[in-house]
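Here the structure comes first, spelled out in structure tokens, and everything after it is commentary.
Just so it is clear, none of the values below were taken in a lab; they were calculated from the coordinates. All figures in this text were calculated on a predicted structure; none of them were measured in a lab. When we count neighbours, we look across all protein chains shown, and the Cβ atoms used for this are built from the backbone with ideal geometry, even at glycine.
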Amino acid sequence: MADESPTNEEFDMDLGMTGRTVIVTGAPGGIGRHIARTFAAEGANVVVTYRQAHDDAERLAKEFDGRGLAVPYNMADDDAAGRLVERVLEWAGRIDVLVNNAVYWGADAPTPGRAFESVPDERWLGVVRTNIEGALRLSRAVAPVMREQKWGRMVHISSSIATDGMAGAEYYGTAKAALHGFSRSAAFNLGSDGDILSNVVMPGLTRTETNEHIITEEIEQHITSVTPLGRLLNASEIAGPVAFLGSAANTGITGQAITVTGGA
């Protein structure tokens, strides 16, 4: 089936992002780069963080005509969040949006046939702690800035695995589900101090430039058979809702977990 999914250029809505500063963690990745590009297209200053993909991050930041900055950020480093926030404030003087997009899969990709209790402690603990603590530390680090501004948006990228489940992804699903509980309660806490919103976006399997090699015909046929749209979404279709939730155009959605899967 031909992929007739829309591109970002087909949408024309002023999201009120000109001059605002957005942090997108894990931006060089498949979905992350589209999120960063979407915010940049709306006039935002975009900070793209990376753990290892330095060259990819630099190239992405240079696309934004002086409004992009590439900064190293390791979710597993307890001090990384503070350093990142300090660097962004030096560069832009403000932080308006945080997109917690970076992810840590650990040493092993999900293995459906493997008993979850056989995974060594250092591996499953690494997945759970790095993903949860990394996102929470950075959220904690940017929150004072948003409270002082009395304006801010947090968008946490989860996964449909958090609610649908997937054999072999027990610990990744655990970490992503934790974002839902945090975001819901944080929305109440942050909202008491201004126009500060916190939401979760849950993509399903999404076609990106980096995962084409793992999307087999069998997988695609299964997904399309249970999806009302009859196709996989592409990364730009995830980026659009993320950008809206993180924008000034969103004035009333907070504390929610939004599924973006094509209806699956």
Subject >> For the chain, calculated [θ]222 nm from helices alone, where every DSSP H run of n ≥ 4 adds -39500 (n - 2.57) >> reply: -13000 deg cm²/dmol
**OP:** Determine the distance separating the Cα centre of the stretch 143-174 from the Cα centre of the stretch 13-29; give it in Å without decimals.
**Re:** 17 Å
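Going by C-beta contacts inside 10 Å, put Val200, Val85, Val128, Val22 in order with the fewest on the left. Walk me through the numbers on the way to the answer.
Details: Val200 27, Val85 21, Val128 18, Val22 30.
In increasing order of surrounding Cβ atoms, one gets Val128, Val85, Val200, Val22.
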Original post:
Each label point is 7 Å from the Cα along the Cα-to-Cβ direction; what then is the distance between the points at Thr18 and Glu86, in nm?
Top reply: 3.5 nm
Original post:
Which of Gly134, Gly230, Gly113 moves most in a GNM of the chain, Cα contacts under 10 Å?
Top reply: Gly113
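When a/c reaches 1.5 or more, the comparison of a/b and b/c decides; with that in mind, is the stretch 30-161 rounded, prolate or oblate per its Cα gyration tensor? Write down the numbers at each step before the final one.
Values: a/c = 2.14, a/b = 1.66, b/c = 1.28.
Judged from the Cα gyration tensor, the stretch 30-161 comes out prolate (a/c at least 1.5, a/b above b/c).
Could you work out the relative contact order of the chain, using alpha carbon pairs under 8 angstrom and six or more residues apart, expressed as a whole percent?
On the way: 486 pairs, mean separation 56.1, N = 264.
Computed over the chain, the figure is 21 percent.
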**OP:** Could you please rank Glu133, Glu217, Glu42, placing first whichever residue has the fewest other Cβ atoms within 10 Å of its Cβ?
**Re:** Glu217, Glu133, Glu42
**OP:** Order by neighbour count: Trp151, Trp105, fewest other Cβ atoms within 10 Å first, most last.
**Re:** Trp105, Trp151
Original post:
Under a GNM of the chain (C-alpha, springs under 10 Å), which listed residue has the highest mean-square fluctuation: Asn100, Asn74, Asn199?
Top reply: Asn74
Original post:
Hey, if you drop one equal point scatterer on each alpha-carbon of the chain and run the Debye formula without solvent, what base-10 log of I(q)/I(0) do you get at q = 0.08, 0.11, 0.13, 0.16 Å⁻¹?
Top reply: -0.30, -0.58, -0.82, -1.27
**OP:** Take the alpha carbon atoms of the stretch 183-209, find their center, do the same for the stretch 43-85, and report the distance between the two centers in whole angstrom.
**Re:** 20 Å
